[in-house]
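The values are calculated or read from the model by the stated rules, or taken from the named source; none is laboratory data. Remember, it's a predicted structure, so these values are computed and weren't measured experimentally. Heads up, the Cβs are rebuilt from the backbone with ideal geometry, glycines too, and the neighbour counts pull from every protein chain shown.
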Amino acid sequence: MASEALHKVGRTHTAEIAADRATTYADRSGDPTAQAMAARSLGVVLRHQGRPLLAEQITSAAAVRLERSGLTTARAANAFAQILCSSAGGGEGIGGRETFGRRLGDDLAGSGAPGRVRAGLRGSSC
């Protein structure tokens, strides 16, 4: 969140540092949800720097790791939805605007995520 706020107020270099540090500490934690959210923040910074392919590689890898973790909590499902929305908003990779909702529904349905998690995300928009 810090990197996104910094970017919005024009502190792009500081935003990049914050996103990099978030990614480092999330990786050290081993928590796939924290890793996905940090990757999402880094992806936002990279897209704004004009590096959409690198952003897509980083966010896609994080989405896959998170998806493989099982999406068994509302926190994980929310992070998954946010990373897909971020990618769809950039119009690249994970599926773009046309397919992110279908993929989100399919992934959550097959993930074993609690019904309340799936229901809470149904109809959400980016």
(request) Residues being free of Cβ contacts under 8 Å to residues at least 24 places away in the same chain, at negative phi and more than 17 Å from the chain's Cα centre (by Cα): count how many of those fall in segment 3-28. (result) 8
(message) List the residue pairs whose Cβ atoms are under 8 Å apart, where the first residue sits in segment 49-69 and is under 20 Å from residue 12 (Cβ atoms), the second is assigned to a loop (DSSP other than H, G, I, E, B), and the two are 6 or more positions apart or on different chains.
(response) 52/92; 53/92; 55/92; 56/92; 56/93; 56/94; 59/93; 59/94
(request) Would you be able to tell me the number of residues in segment 18-67 that are surrounded by 15 or more Cβ atoms within 10 Å (Cβ to Cβ) and either among the β-branched types (Val, Ile, Thr) or in contact with a Lys or Arg (Cβ under 8 Å, 6 or more places away or on another chain) (or both)? (result) 11
(message) Restricting to segment 54-77, and then to whatever is modelled with pLDDT of 90 or more and over 20 Å from residue 27 (Cβ atoms), can you tell me which residue is farthest from the chain's Cα centre (by Cα)?
(response) 74
